[in-house]
Amino acid sequence: MLTCTGFSAEAADRPLARTVFQRRDTGPRDVRIDIQYCGVCHSDLHTARNEWHNTVYPCIPGHEIVGVVAEVGTEVTQFRAGDTVGVGCMVGSCGSCVSCRDGLEQYCETGFNPTYNGQDPVIGGPTFGGYADSIVVDESFVLRIPEGLDPAAAAPLLCAGITTYSPLRHWKAGPGQIVGVVGLGGLGHMGVKLARAMGAHVVLFTTSPGKKEDALRLGAHEVVVSRNAEEMAQQANRFDLILDCVAAQHPIDDYLALLKRDGTLVQVGAPEHPLPVAVFSLIFKRRNFAGSLIGGIPETQEMLDFCASRGIAADIEMIRIQDINTAYERMLRSDVKYRFVIDMASLGEA
């Protein structure tokens, strides 16, 4: 067994704190990674605080992991010691269902195995995430970080990046399309960058007038303050695609009304409570309200290569692991531009 150090949540109402725990040894198809950086996703907070009512404690969050390969198993062919690699939201799936065979492991018919709050298939017990010094992962779920990408700024691409890239690619965002992005946070700022890089005309929707300048810097062509009824009315029946990145309660019908006939609103933000939708928002103009979940391993590697070729990475604020509980509170206030990334070297100081 591999003894590791990390930060864990022991209960929904307790702060994360330093812990020592066990991972499996490196198996024949496994890659052991010394973690350098781990992004902080809103899903980490939801899970640590059991807001989705499925957390198994102790819980070590973190699924935006970048590090260096320390050891490979005897049957590993894709990686070697010293490679810079990443691990996203999944560490396993059945591998045989139609979704897995199509490279869409996130839609595995029996459910993918999440990087944390899942089940370790070798030693049992929960999977533990990237708020730690190392991780052991089957090579099929390890990503290569391309040269030219800053490793720290690449970490959020493994969730925030692929969560927005996948629906943009699936619904064919590109030249001639008007794409809306709702919310300028960890997901939204990547949605703006990626949609712009794909050639779409990008409109950012925000409740904060003060974010206009930053949205334009990130690549938005236009910015709409969603609390301004007049500005919203001017956008009616205009959009081919809207990417909704908001993880809190908000009026979906206000955005469905902005879609063209046959336009699609894709929900990628995951609020704690259901979002009510008036069916007439969909029936008239044959609009679509869809969802999208991260991306499969092939598409995630495609996204990393796309970002490297265009110089795209997340806007990050580096923090020490000792500051993770403060970072969670700041996330709730939207006080980050636009993704916290933990420098795991700080774990030695904890």
For this session: Could you please find all residues in segment 217-236 being in contact with a Leu (Cβ under 7 Å, 6 or more places away or on another chain) and surrounded by fewer than 15 Cβ atoms within 10 Å (Cβ to Cβ)?
Result: A236
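Filter segment 302-320 down to residues that are assigned to a helix (DSSP H, G or I) and either under 18 Å from the mean Cα position of the chain (by Cα) or within 15 Å of A155 (Cα to Cα) (or both), then give me how many there are.
Here the count works out to 7.
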Problem set entry | Selected residue [part of a loop (DSSP other than H, G, I, E, B) and buried (at least 20 other Cβ atoms within 10 Å of the Cβ)] from G62, G6, G82 | G62
For this session: Looking only at segment 41-59, decide whether some residue is part of a strand (DSSP E or B), within 30 Å of D83 (Cα to Cα), open to solvent by 40 Å² or more (accessible area, probe 1.4 Å) and not aromatic (F, W, Y).
Result: no
Seminar exercise, completed: Per the list (1) open to solvent by 40 Å² or more (accessible area, probe 1.4 Å); (2) not aromatic (F, W, Y); (3) not in a loop (DSSP other than H, G, I, E, B), residue check on I135 breaks on (1)
Exercise. Can you pull out the residues in segment 256-277 that are in contact with a helix residue (DSSP H, G or I) (Cβ under 9 Å, 6 or more places away or on another chain), outside any strand (DSSP E or B) and either under 14 Å from P167 (Cβ atoms) or of a type outside the set (A, V, I, L, M, F, W, C) (or both)?
Worked result: V268, G269, A270, E272, P276
Exercise. Is one or more of the residues making up segment 147-160 open to solvent by 10 Å² or more (accessible area, probe 1.4 Å), farther than 17 Å from V341 by Cα and assigned by the TED database to the domain that holds D34?
Worked result: yes
Problem set entry | Odd one out for R196, checked against (1) at pLDDT below 95; (2) among the basic types (K, R); (3) crowded, with 20+ Cβ neighbours inside 10 Å | (1)
For this session: Go through segment 17-40 and count every residue that is in a loop (DSSP other than H, G, I, E, B) and open to solvent by less than 10 Å² (accessible area, probe 1.4 Å).
Result: 1
For this session: Collect the residues in segment 295-336 that are modelled with pLDDT under 95 and among the hydrophobic types (A, V, I, L, M, F, W, C), keeping them in residue-number order.
Result: M331, L332, V336
For this session: Considering only segment 118-129, state which residues are over 16 Å from the mean Cα position of the chain (by Cα), in contact (Cβ under 8 Å) with a residue 40 or more places away in the chain and part of a loop (DSSP other than H, G, I, E, B).
Result: D120, V122, I123, F128
Problem set entry | Output for segment 282-301, where each listed residue is assigned to a helix (DSSP H, G or I), of a type outside the set (F, W, Y) and open to solvent by 20 Å² or more (accessible area, probe 1.4 Å) | L282, I283, K285, R286, I297, P298, E299, Q301
For this session: Take segment 102-117 and flag every residue that is assigned to a helix (DSSP H, G or I) and polar (S, T, N, Q).
Result: Q106
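The values are calculated or read from the model by the stated rules, or taken from the named source; none is laboratory data. None of these values were measured; they are calculated from a predicted model. Here Cβ is always computed from backbone atoms with ideal geometry, including for glycine, and neighbour counts include all displayed protein chains. Keep in mind that these areas ignore ligands, DNA and RNA; they rest on the heavy atoms of the full protein, side chains included. Shrake-Rupley method; radii C 1.70, N 1.55, O 1.52, S 1.80 Å.
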